[in-house]
Amino acid sequence: MSDVVKPNINEAPTHDAQLAAEQMVSGKEKTPKVDFEADYTAAQQFSVSEIDRTEEGAAAAEAATAPQYEIIEPEEAKTVAQPTGNPDDYAEMAKEVGSSRDEAVTSVSDDLVQKALKKGQAAKK
């Protein structure tokens, strides 16, 4: 299936392309015919090299894409929480989780806030 190129002078990106399009429209130059199916078939022949079609090429491809380092499969660790039936265990755990939010916080005094404000102000000239 051949398609005929229909040049559009207004879409030509360069001056040379505009001149070529004008010559094709006026009939001074032939418009190229494009056979997409033949081009596609030709491109498929070049997509794989001759060496890749042999056993040697397959071995080379395998060696090139093999991982360089040993990959260790992670082991699945299963942990099972032992039910104690004691509600105090849950309450203690909740206190530990709740107090972890406060551990990194230090007390902030008014003096500290005032010092921060003074340091943040621009120096007067």
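General remarks:
- Extended-chain gain in nm, criterion 0.36 nm per residue less alpha-carbon gap, THR65 and PHE46: 4.7 nm
- Estimated FRET transfer efficiency when R0 is 30 angstrom, pair LYS28-ASN8 (beta carbons, to 0.05): 0.95
- Solvent-accessible surface ranking, highest first, for VAL25, VAL80 at 1.4 angstrom: VAL80, VAL25
- ³J(HN,Hα) computed for each position of the range 15-31 - Karplus, 6.51 cos²θ - 1.76 cosθ + 1.60, integer Hz, glycine/proline x: 5, 4, 5, 5, 4, 5, 5, 4, 5, 5, 5, 6, x, 6, 10, 6, 7
- Annotation: amide H of GLU29 within the under-5 Å range of MET24, sequence separation 5 or more or interchain, hydrogens built in the peptide plane.
- Within the range 6-80, the trypsin sites (Lys or Arg not before Pro) that combine a DSSP coil assignment with at most 15 other C-beta atoms in a 10 angstrom radius are LYS28, LYS30, LYS78.
- The GluC sites (Glu not before Pro) found in the range 1-99 that occupy coil by DSSP, while having at most 11 further C-beta atoms within 10 Å, are GLU50, GLU70, GLU75, GLU76.
- Loop-located chymotrypsin sites (Phe, Trp or Tyr not before Pro) in the range 1-71 whose Cβ has at most 14 other Cβ within 10 Å (DSSP): TYR69
- For ALA64, the shell of other residues with beta-carbons less than 14 Å away shows a net charge of -3, using +1 for Lys and Arg and -1 for Asp and Glu.
- Computed from phi, the 3J(HN,Hα) profile of the range 59-68 under the Karplus parametrisation 6.51, -1.76, 1.60 (θ = phi - 60°) reads 5, 5, 5, 5, 5, 6, 9, 5, x, 7 Hz, with x in place of Gly and Pro.
The values are calculated or read from the model by the stated rules, or taken from the named source; none is laboratory data. Since the structure is predicted, the reported quantities are computational estimates derived from the model, not experimental observations. Ideal geometry is used to build each Cβ from the backbone, glycine not excepted, and the neighbour counts take in all protein chains shown. Ligands, DNA and RNA are stripped out before the accessible areas are found, and what is left, the full protein with its side chains, is counted by its heavy atoms. Shrake-Rupley method; radii C 1.70, N 1.55, O 1.52, S 1.80 Å.
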